Each structure stands twice: as C-alpha cells, then as structure tokens.
1. Do any residues in segment 40-55 that are more than 16 Å from G86 (Cβ to Cβ) have Cβ atoms under 8 Å from those of residues that are part of a helix (DSSP H, G or I) and charged (D, E, K, R), where the two are at least six apart or on different chains, and which pairs are they?
2. Contact list please: Cβ distance under 7 Å, first residue in segment 85-98 and more than 19 Å from K70 (Cα to Cα) and β-branched (V, I, T), second residue crowded, with 16+ Cβ neighbours inside 10 Å and modelled with pLDDT under 95, pairs at least six apart or on different chains.
3. Determine whether A104 is within 13 Å of the chain's Cα centre (by Cα), surrounded by 17 or more Cβ atoms within 10 Å (Cβ to Cβ) and either outside any strand (DSSP E or B) or in contact (Cβ under 8 Å) with a residue 40 or more places away in the chain (or both).
4. Test each condition in (1) modelled with pLDDT of 55 or more; (2) assigned to a strand (DSSP E or B) for Y130 and report the one that comes out false.
5. Does any residue of segment 28-51 turn out to be over 26 Å from K101 (Cα atoms), of a type in the set (D, E) and at pLDDT below 90?
Amino acid sequence: MKNIISLIAGTSIAIIGLLLSSCASMDSSNQSSMLSAAGFVSRTPQNESQRKLYDELPAYHVHRATYKGKVIYAYKNEKEGVAYVGSEAAYQRYQQIAIQKRIASDYYQAAEMNRATSYGWYGAYAPYVYHRGYYIR
C-alpha cells in the first residue's frame, strides 16, 4: 500500500515538473508551431493601442490575461513580430502537446543512452574469451 502511494506521489510530482518546465526548454519556432496546433491564432498589432499592449507583453512566454470577463492566453514572438492569442481550451491543448513532446523527447534520449551503453555487451565485443577454464587472447 505504501509503495502505491509513493508511486502515485512520485508520478504526480513528475507531471507537475513537466508542466512547469515545458515552456522553458523549447525554442521559439517550435513553440509557435505547437501554439498553432493547439488552436492559438497569430495576430499582428494593427493600431497604436494594440502595439502598446504588444510591447508590454513579456517575450517568449505564455501570458495569462482577462479580456471582457474571459481568460485569454497570449504568447509574444518578437522575432516574427506577432502575438499568438488563444482561449483556455487552446491553452489546455497546448499543455497536452507540450507534455507529449517532452515525453517523446525523454523516451528518445533514454533509447539513445541505452544504445550507447549497450555497445560492447551481448557478445558484440569480447577482448578475452573464457573457454573451458582458460583465457584465450
């Protein structure tokens, strides 16, 4: 019973860590494509008030705001000069995509480490062969 509780606690901590670190490790082009896939809309500031709001946003971070009683999320991409704007549902989809991408990356890295460490095992390389009690060089 204690093992199950510790497993659930460990898994929940890992998921929270993934949620908190998902935005930090991705470059802007990758993040822009993920935001578009999640349902965020690319907007270019058209007038002076939009330009002022755009300039106030922190660059390359998803920012939460309330507009006319609705929660919206915005991501400023300074390189492209656009802001990606999405709803709560689009942000939830973005988080799911980011978690899936992070898990896929972790699996790939683990597979690469397994491949690198297994080199020389399983009979692929044997500098000394033990045969009937004698070492053969």
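1. Pairs found: P45/R51.
2. Between residues of segment 85-98 that are more than 19 Å from K70 (Cα to Cα) and β-branched (V, I, T) and residues that are crowded, with 16+ Cβ neighbours inside 10 Å and modelled with pLDDT under 95, the close pairs are I97/M34; I97/A38.
3. no
4. (1)
5. No - not one qualifying residue is present in segment 28-51.
The values are calculated or read from the model by the stated rules, or taken from the named source; none is laboratory data. None of these values were measured; they are calculated from a predicted model. Note that each Cβ is placed from the backbone with ideal geometry, even for glycine, and that neighbours are counted across all protein chains shown.
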